[in-house]
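The next block holds one structure in the form of structure tokens; read it before the comments.
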Amino acid sequence: MTVKKYDKLVRDKIPDIIESQGKKCKLYVATGYDYHNRLKDKLLEEAKEFFENPCVEELADVQEVIEALADIHRWDVTGARLKKTVERGGFWRRYVLLEVSE
């Protein structure tokens with residue numbers, strides 16, 4: 001019997017998918033500080049995967065983690081993003097700042 005160790009947050013349906021393949025998995029439900037830290041770890045993992053393979057599916061994974069983080073903090077990320085866009089702009093003009101002189 002081969003056992004692979006992971007110790008990472010996974011999407012909700014992953015245990016069912018594993019069991020549907022005739023495999024067994026051991027898991028627990030993260031709460032509080034543990035859940036928050038695992039979401040931050042997952043954000044880095046998903047961002048790295050996007051850098052390695054920039055595609056819509058990997059970007060969607062990043063967004064899913066962002067939504068979960070926003071939910072536990074009860075943050076309005078869309079509102080905050082729009083407010084910042086109004087105040088500081090977006091990235092549509094593609095400016096690259098090289099230097100500032102005084």
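Read the figures in this text as sums done on the coordinates, not as results from a lab. Keep in mind the model is a prediction, meaning the values are calculated, not measured. No Cβ is skipped: glycine too gets one built from the backbone with ideal geometry, and neighbour counts run over all protein chains shown.
Please report how far the C-alpha centroid of region 68-82 lies from that of region 27-41, rounded to the nearest whole angstrom.
Value for the Cα centre distance between the two parts: 18 Å.
Taking a ≥ b ≥ c as the square roots of the eigenvalues of the Cα gyration tensor of region 16-74, is the shape rounded (a/c under 1.5), prolate (a/b larger than b/c) or oblate?
Note, shape of region 16-74 comes out oblate.
Within the chain, what's the longest run with no chymotrypsin sites (Phe, Trp or Tyr not before Pro) in a DSSP loop and at most 13 other beta-carbon atoms within 10 Å? Give the range, please.
29-74
Could you list the GluC sites (Glu not before Pro) in region 1-100 that lie in coil according to DSSP, counting only those with at most 14 other Cβ atoms within 10 Å of their Cβ?
Counting only loop positions with at most 14 other Cβ atoms within 10 Å, the GluC sites (Glu not before Pro) in region 1-100 are Glu99.
What range in the chain is the longest one free of trypsin sites (Lys or Arg not before Pro) that are in a loop by DSSP and have at most 14 other Cβ atoms within 10 angstrom?
Result for the longest clean stretch: 27-73.
Over the chain, what lengths in whole Å, largest first, do the semi-axes of the equivalent ellipsoid take, defined as the square roots of 5 times the eigenvalues of the alpha-carbon gyration tensor?
36, 17, 13
With +1 assigned to the C-beta of every Lys and Arg and -1 to the C-beta of every Asp and Glu, and no other charges, what is the dipole magnitude of the chain about the Cα centre in debye, to the nearest 20?
Value, rounded to 20: 200 debye.
Using a simple spin-label model with points 7 Å from Cα along the Cα→Cβ vector, what separation in nm is obtained for Lys84 and Leu44?
It works out to 2.0 nm between the two label points.
Determine, from the Cβ-Cβ distance of Leu59 and Leu27 and an R0 of 22 Å, the FRET efficiency 1/(1 + (r/R0)^6), rounded to the nearest 0.05.
So the FRET efficiency works out to roughly 0.25.
Obtain the nm distance between the two label points defined at Ile14 and Thr2 by a simple spin-label model: each point lies 7 Å from its Cα along the Cα-to-C-beta direction.
1.8
If a paramagnetic tag sat 7 Å from the Cα of Tyr35 along the Cα-Cβ line, which residues of region 71-88 would have the backbone N under 19 Å from that point?
Taking a point 7 Å out along Cα→Cβ of Tyr35, the residues of region 71-88 whose backbone N falls under 19 Å are 71-77.
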